[in-house]
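Throughout, read-outs are computed from the coordinates displayed, never taken from laboratory work. Just so we're clear, the structure is a prediction, and the values are computed from it rather than from any experiment. Quick reminder, even Gly has a Cβ in these numbers, built from the backbone with ideal geometry, and neighbours come from all protein chains shown.
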Amino acid sequence: YLASRWPEVVSKEEILESVWPGVFVTDSALHQTVLELRRVFGDSAHAAKLLQTIYRRGYRLLLQPKEIEGGLARQAVAVLILSPDDTPEGNLGEMVTEAVINELPHLSEWKVISGASVSRYRNHPCDPQIMGSELCADIVAIGHLRRADERIAASCEVISPRDGSQICGARYNIPFSNAASLAHLMAVDIAVNLPSSNAS
C-alpha cells in the first residue's frame, strides 16, 4: 500500500483502513508489522533508508518501489572476531574480522555489515541478540581467537539473533605463520551455514 502512495506521508488510520479493511487492528499490531518490515529489509527507524516514521503523522516510503525490487531485501550477516587486548597479537582479531567481511560477499549473496559498524562492539561485547537487533542483522557470527606460542586457537559461532540459537560452530588450531588462511576458513564456514536467501 505504501508503494502505491510513494512518496506521500500516509497516516496510520489510512494504512489500517486500507490494509485491514473491516478488521479491528490496534496501533501496536501496525507497529510490530513495521518493525518486521524493517528487519526483513535491513532498515532502522533511527537511520531510515526505506521506511520513515513521521512523528504524529504516519509513515513514508523513502525509495521508489523499483529500487526496492532491485535487491534491498537481501538478508544481512554481522561478523565480529574478538581477541584479548592484553596479548601480543594486539589487533589480530580486528584484522581477521575485516578479512572475513571482505571475503564473505564473494561466497554468499547475503549482505555483510561493515567493519566500521561492528567495531563498536569490540571493546564492549554484548549479547548476539542485542547486537543483531541494533545492526538489523539476520545472522551474527561471533569468533574468538588467542595466540599461544606459534599457534592460533580460534572458534566461531553462527547465531540467529531472533531466538539466540546456534546454527553452527567450528574450532580452529593453526600455525601462526598461516594466520591469513584463518579468515578464509572462517568465511567459508560462515557462508555454507547461512540459510538460503529465499528462506522465510
Taking only Cα atoms, what is the 0 to 90° angle, nearest 10, from helix 179-192's long axis to the longest principal axis of the chain?
40
Mind checking Rg over Rh on the chain, alpha carbons, Kirkwood formula for Rh?
1.08
Choose one answer from Pro105, Pro21, Pro161: the residue with the largest mean-square fluctuation in a GNM of the chain with alpha-carbon springs under 10 Å.
Pro21
Could you grab the relative contact order for the stretch 76-192? Cα pairs under 8 Å, six or more apart, rounded to a whole percent.
28
Reciprocal mean inverse distance between Cα atoms of the stretch 3-69 - Kirkwood radius, Å
12.4
Need one number: % antiparallel among DSSP beta bridges in the chain, to the nearest 5.
75
Can you compute the modelled spin-label distance between Ser177 and His144, with each label point 7 Å from Cα toward Cβ, in nm?
2.9
By the mean-Cβ-within-10 Å protection proxy, highest first, 8-18, 94-104, 120-130, 22-32 rank as 94-104, 8-18, 120-130, 22-32
